[in-house]
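Here is the structure we will look at, set down as structure tokens.
The values are calculated or read from the model by the stated rules, or taken from the named source; none is laboratory data. On a predicted model such as this, the values are computed, not experimentally measured, just so you know. Glycine also receives a Cβ, built like all others from the backbone with ideal geometry; neighbour counts cover every protein chain displayed.
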Amino acid sequence: MKYVFVLFILLSVLAPLSMANAQNKVVVIPMFEETTIYVGVAKTGNNYCTQPVAGNHWALQNCVSVAADISGQDGAFTAGAQAQPRFVDNANGTVLDKLTGLIWLKDAACANDIANWPTALLLVVELNSAGTMNSNSCGDLSNKGVHQADWRLPNIKELQSLLNYGDHGAPYISDLAGNGHYLDTPVFSNLVIDSAYWSSTTYGVGVSSITNDDFYDNALRVNFGNGVVDGTGKSTGVEFGVGENVWAVRGPE
């Protein structure tokens, strides 16, 4: 909240004795009400409902026609934040996500190989220092014609923010406009959908029966081919050829 501070200094020249009692007084006058703006959780992209059919299966159904006892499905509300267009190609090797403010490397597979988690972190270090991953140019010219130096491996929330669970199937990511199938107007290049992408986020699984310490051998990943978020082992002993894909993000701006 903003305030205007008005300082009143009471001085008396006619009654010098009163100066001993004079005090500085501060009057606080509210000028503006404090406003909180919530961006909100992103829409899932799920705009359909389902209902059970024969054989313990579920089939697509118009949400208006769904039975009352299963009417509270995501597709009936389509709640959440949305930006249209969702993405902006900056024409300099980067893409702005207008929903989150994050800037993504346009080339979603610059390393041109999968890698274990420690190697993924090092590939982003290479990107910041040389503009390459695995010696492949990543095309980032967003820093006045040269590459930026503050790229990072996205955390799981950032990577997951790209997921879109519309009824169009793989890949589970929005198109440029933010309301259609990614393949209609793809904004990224070399997006991989037959394997997952590393996040920078660790999670502990299991407890040692000997030391009673938590294990932190796993990192979370996102698969845009099936929309699954899960975890897998960080290290395989092999730098490349085993592991997950590597993407980079900056910001938000």
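Listing for the model above:
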| read-out | value |
| --- | --- |
| Single condition V205 does not satisfy, out of (1) assigned to a loop (DSSP other than H, G, I, E, B); (2) among the aliphatic types (A, V, I, L, M); (3) at pLDDT 85 or above; (4) more than 21 Å from L123 (Cα to Cα) | (3) |
| Any hit, region 105-127, residues being without any contact (Cβ under 8 Å) to a residue 12 or more places away in the chain and either of a type in the set (G, A, S) or touching a Ser or Thr at 6+ places or on another chain (Cβ under 9 Å) (or both) | yes |
| Filtered residue count, region 146-174, keeping only those that are over 16 Å from the mean Cα position of the chain (by Cα) and either crowded, with 16+ Cβ neighbours inside 10 Å or closer than 17 Å to V41 by Cβ (or both) | 4 |
| Every residue from region 94-107 that is touching a strand residue (DSSP E or B) at 6+ places or on another chain (Cβ under 9 Å) and either under 19 Å from A42 (Cβ atoms) or surrounded by fewer than 21 Cβ atoms within 10 Å (Cβ to Cβ) (or both) | V95, L96, D97, K98, L99, T100, L102, I103, W104 |
| Any hit, region 163-184, residues being closer than 30 Å to L122 by Cβ, touching an Asp or Glu at 6+ places or on another chain (Cβ under 7 Å) and in contact (Cβ under 8 Å) with a residue 24 or more places away in the chain | no |
| Any hit, region 38-48, residues being outside the structural domain of V192 (by TED's automatic domain parsing), part of a loop (DSSP other than H, G, I, E, B), farther than 30 Å from S189 by Cα and free of Cβ contacts under 8 Å to residues at least 12 places away in the same chain | yes |
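To keep it simple, each residue is scored yes or no on (1) β-branched (V, I, T); (2) surrounded by 21 or more Cβ atoms within 10 Å (Cβ to Cβ).
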residue: V88; (1), (2): yes, no
residue: N112; (1), (2): no, no
residue: W117; (1), (2): no, yes
residue: S129; (1), (2): no, no
